[in-house]
Amino acid sequence: MVMNEKGDSVNASYYLIVNPSTNTGVGVEVTHSFSTNVNTITVGTQHALDPLTTIKARVNNTDKANALIQHEWRPKSLFTISREVVTKSIDKSPKVKLVLALKP
């Protein structure tokens, strides 16, 4: 358990690797905000398509769904495409992010 936001929220999480050969795992995170008295539950999964490419997805009870694909094109250098959708507002444009992380 971890206190966040200057003590305003507390998080608890659990992660389990289901298949080590494909790095397939599932996880859950529960967050409670004391100021708003709101609980958020997030469930996610990940799977390695190959040794350099991973896909991840998560969904929470506040109607947000996220997915990403991440590729290590050079050692320690990652290219990521992610998308976030608010499931109650399908008519709104989803957020799409492109990230390039370079490490020497």
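Taken together, the values in this text are just the output of simple stated rules run on the coordinates, not laboratory data. These figures come from a predicted structure and were not determined experimentally. Please note: Cβ atoms are built from the backbone with ideal geometry, for glycine as well, and neighbour counts cover all protein chains shown.
A count restricted to the stretch 44-57 and to residues that are in contact (Cβ under 8 Å) with a residue 12 or more places away in the chain and in contact with an Asp or Glu (Cβ under 9 Å, 6 or more places away or on another chain) stands at 4.
Of the residues making up the stretch 70-81, just one is assigned to a loop (DSSP other than H, G, I, E, B) and farther than 24 Å from Val26 by Cα, namely Pro75.
When Thr87, Thr62 are checked against the criterion of being on the phi < 0 side of the Ramachandran plot and touching an Asp or Glu at 6+ places or on another chain (Cβ under 7 Å), Thr87 stands alone in meeting it.
Residue-wise test of (1) of a type in the set (Asp, Glu); (2) in contact (Cβ under 8 Å) with a residue 40 or more places away in the chain; (3) in a strand (DSSP E or B); (4) surrounded by fewer than 13 Cβ atoms within 10 Å (Cβ to Cβ).
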site: Ala65; (1), (2), (3), (4): no, no, yes, no
site: Leu68; (1), (2), (3), (4): no, no, yes, no
site: Arg83; (1), (2), (3), (4): no, no, yes, no
site: Lys88; (1), (2), (3), (4): no, no, no, yes
site: Lys92; (1), (2), (3), (4): no, no, no, yes
site: Lys97; (1), (2), (3), (4): no, no, yes, yes
site: Leu100; (1), (2), (3), (4): no, no, yes, yes
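Thr36 - would you say it is β-branched (Val, Ile, Thr), assigned to a loop (DSSP other than H, G, I, E, B) and farther than 22 Å from Val96 by Cβ? Against the criterion (β-branched (Val, Ile, Thr), assigned to a loop (DSSP other than H, G, I, E, B) and farther than 22 Å from Val96 by Cβ), Thr36 qualifies.
Per-residue answers, yes or no, for (1) among the polar types (S, T, N, Q); (2) within 30 Å of Asp8 (Cβ to Cβ):
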position: Thr31; (1), (2): yes, yes
position: Thr40; (1), (2): yes, yes
position: Ala48; (1), (2): no, no
position: Lys97; (1), (2): no, yes
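So that you can scan it fast, the table gives a plain yes or no per residue for (1) out of contact with any Leu (no Cβ under 9 Å at 6 or more places or on another chain); (2) part of a strand (DSSP E or B); (3) loosely packed, with under 14 Cβ neighbours inside 10 Å:
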| residue | (1), (2), (3) |
| --- | --- |
| Tyr14 | yes, yes, yes |
| Thr22 | no, no, no |
| Glu29 | yes, yes, no |
| His32 | yes, yes, no |
| Ile41 | yes, yes, yes |
| Thr45 | yes, yes, no |
